[in-house]
Structures are given as C-alpha cells and as structure tokens.
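Enquirer: Questions regarding the structure given below will be posed in turn.
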C-alpha cells in the first residue's frame, strides 16, 4: 500500500479521512482541544499535541484509529484498555468502528497527561526520570 504524503495541517488531516475514521478522529480532536491548552501539529504524519513536550497523538490507519499518550502507562487507571508499548512510557488505545469511548474519559486522559508533563517535564527527555511508577491520584 502506497503511503500518501502527510497532511499540511490538522484540518487537512481530518479532511483526508472518510467514514467512521473521520468521525472518530474529528470527535477526538474536538475533545482534546477543549480539554487543555495544547499546541496541535502534524508530526510524524499524524496529529500530535504538545504541552511541555509531546502529550498525545491521534493517528488514523487503514483499519483503526489510535489514541496514544507518551505517558500512557500511567493513565491505565483511567482507561485500562490503553496498551503499553514503545518508548517514553507510551500506551495507545486502538479504536475500530463501534469502539465505545466516553468523552468524559478522553477529557480525563488528556487532563492527566498534561498534568504529568507539567509535573515531570518533557517525556522525550531521557535524562528526566519521569513520574513515579504509580499514576497520580
């Protein structure tokens, strides 16, 4: 499958999607931007949100939409379906058509993720030890 060039803006990213993926990605995007003051950008070919370093991503793929958090391993108390993997304590939630996800859950995830970056700095700074092994209460 040939990859298309990355979108030039977040609006273009959403516009390039179709069907349920566009609806899910747009709903996630709207909730994320309402949840906290974040910088939104196209980075690594998808939507990435920053506050004191990267906080989360929204990535549409062929058969799913991923909602990923750089410190997502510490957010599993809010959303246990977050699957740990990758660097920087990443964890992602895989969404397929009909996956239930409450807006209140997304709001809580984003707000806690922003708070973790505020308390512990940029998660990509390898010198930063990151948060404790337990999520904040």
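Enquirer: Name the single residue that is surrounded by the most Cβ atoms within 10 Å (Cβ to Cβ) among those in the range 117-137 being in a loop (DSSP other than H, G, I, E, B) and at pLDDT 65 or above.
Expert: Only one residue tops the list, namely 123.
Enquirer: Being in a helix (DSSP H, G or I), closer than 22 Å to residue 125 by Cβ and modelled with pLDDT of 95 or more narrows it down to one residue among 32, 114; which is it?
Expert: Being in a helix (DSSP H, G or I), closer than 22 Å to residue 125 by Cβ and modelled with pLDDT of 95 or more holds for just one of 32, 114, which is 114.
Enquirer: For the range 79-91, which positions are part of a loop (DSSP other than H, G, I, E, B), modelled with pLDDT of 95 or more and surrounded by fewer than 18 Cβ atoms within 10 Å (Cβ to Cβ)?
Expert: The answer is 80, 81.
Yes/no per residue for (1) under 17 Å from residue 106 (Cβ atoms); (2) in contact (Cβ under 8 Å) with a residue 12 or more places away in the chain; (3) within 18 Å of the chain's Cα centre (by Cα):
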{"position": "6", "(1), (2), (3)": "no, yes, yes"}
{"position": "15", "(1), (2), (3)": "no, no, no"}
{"position": "18", "(1), (2), (3)": "no, no, no"}
{"position": "24", "(1), (2), (3)": "yes, yes, yes"}
{"position": "30", "(1), (2), (3)": "yes, no, yes"}
{"position": "38", "(1), (2), (3)": "yes, yes, yes"}
{"position": "41", "(1), (2), (3)": "no, yes, yes"}
{"position": "47", "(1), (2), (3)": "yes, yes, yes"}
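Enquirer: Could you say whether any residue in the range 92-104 is surrounded by fewer than 19 Cβ atoms within 10 Å (Cβ to Cβ), over 13 Å from the mean Cα position of the chain (by Cα), assigned to a helix (DSSP H, G or I) and free of Cβ contacts under 8 Å to residues at least 24 places away in the same chain?
Expert: yes
Enquirer: Right, residue 61: without any contact (Cβ under 8 Å) to a residue 60 or more places away in the chain, more than 21 Å from residue 119 (Cα to Cα), surrounded by 14 or more Cβ atoms within 10 Å (Cβ to Cβ) and out of contact with any helix residue (DSSP H, G or I) (no Cβ under 6 Å at 6 or more places or on another chain) or not?
Expert: Against the criterion (without any contact (Cβ under 8 Å) to a residue 60 or more places away in the chain, more than 21 Å from residue 119 (Cα to Cα), surrounded by 14 or more Cβ atoms within 10 Å (Cβ to Cβ) and out of contact with any helix residue (DSSP H, G or I) (no Cβ under 6 Å at 6 or more places or on another chain)), residue 61 does not qualify.
Enquirer: Still on this structure, please answer the following. Restricting to the range 36-58, count the residues that are farther than 16 Å from residue 91 by Cβ and crowded, with 21+ Cβ neighbours inside 10 Å.
Expert: 1
The values are calculated or read from the model by the stated rules, or taken from the named source; none is laboratory data. Computed from a predicted model, the values in this text were never measured in an experiment. Because the Cβ atoms are built from the backbone with ideal geometry, glycine has one as well, and the counts that use them run over all protein chains shown.
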